[in-house]
1. Among the residues of the stretch 90-134, which ones are in contact with a helix residue (DSSP H, G or I) (Cβ under 7 Å, 6 or more places away or on another chain) and of a type in the set (D, E, K, R)?
2. Can you name the number of the only condition in (1) at pLDDT 95 or above; (2) touching a Ser or Thr at 6+ places or on another chain (Cβ under 9 Å) that VAL121 fails?
3. For the stretch 62-88, which residues satisfy the criterion of being within 21 Å of THR115 (Cα to Cα), outside any loop (DSSP other than H, G, I, E, B) and out of contact with any Ser or Thr (no Cβ under 6 Å at 6 or more places or on another chain)?
4. Can you name every residue in the stretch 101-132 that is without any contact (Cβ under 8 Å) to a residue 40 or more places away in the chain, in a loop (DSSP other than H, G, I, E, B) and not hydrophobic (A, V, I, L, M, F, W, C)?
5. I need a count of the residues in the stretch 91-125 that are under 22 Å from ILE64 (Cα atoms), among the charged types (D, E, K, R) and surrounded by 13 or more Cβ atoms within 10 Å (Cβ to Cβ).
Amino acid sequence: MLLSRLSSAVLVAAAFAAPALHAQASTQDDAEKAIRTKLKSDLRNLVTAQEAYYADHSAYADVIDNLKFRPSAGSNVSLTATQNNSWGAVATDPSMPGKSCVIYVNLAEQYRPKTLQEKRVGTNGEEGAPICDGDPKPEM
């Protein structure tokens, strides 16, 4: 009888815990998706700033401080490779440790930045488009 009551109590507790665990995982996924969206926006804004700089100087900036660009609060954006006619960058956020978003423009494949966790890198068709750890994989 006691064993039956304990089994019932465990089943009831599990029934209540499962939705709570799912909700917590969903909330974490939503928070990470929001951070990825912010980082992608920062990288797209960096493209705009680099293109404006290029229009004035016939070369891309090799130092981010030379651009009219400021990342969002909490974001860290840095150039990883720069040449007169090409560049790459990485964006991170401390609330998404070990993960990043990357972007490149006109950069040879061996110099393109890779995301921290999944080591993802854009392809020629994705030039100028940010890609992040945690993004859905493209369908083949």
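The values are calculated or read from the model by the stated rules, or taken from the named source; none is laboratory data. Predicted, not measured: the structure shown is a model, and the values here were computed from it. FYI the Cβ positions are ideal-geometry reconstructions off the backbone, even for glycines, and counts take in every protein chain you see.
1. Once the filter is applied, which keeps residues that are in contact with a helix residue (DSSP H, G or I) (Cβ under 7 Å, 6 or more places away or on another chain) and of a type in the set (D, E, K, R), the stretch 90-134 yields only ASP93.
2. (1)
3. Within the stretch 62-88, ILE64, VAL77, SER78, LEU79, THR80, ALA81, THR82, GLN83, SER86, TRP87 qualify.
4. Across the stretch 101-132, the qualifying residues are ASN106, ARG112, PRO113, LYS114, THR115, GLN117, GLU118, LYS119, ARG120, GLY122, THR123, GLU127.
5. Summing the residues that are under 22 Å from ILE64 (Cα atoms), among the charged types (D, E, K, R) and surrounded by 13 or more Cβ atoms within 10 Å (Cβ to Cβ) in the stretch 91-125 gives 4.
Every residue, every condition in (1) modelled with pLDDT under 95; (2) of a type outside the set (Gly, Ala, Ser); (3) closer than 15 Å to ALA129 by Cβ, yes or no:
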residue: LYS40; (1), (2), (3): no, yes, yes
residue: LEU46; (1), (2), (3): no, yes, yes
residue: GLN50; (1), (2), (3): no, yes, yes
residue: TYR53; (1), (2), (3): no, yes, no
residue: LYS68; (1), (2), (3): yes, yes, no
residue: ASN76; (1), (2), (3): no, yes, no
residue: GLN83; (1), (2), (3): yes, yes, no
residue: TRP87; (1), (2), (3): no, yes, yes
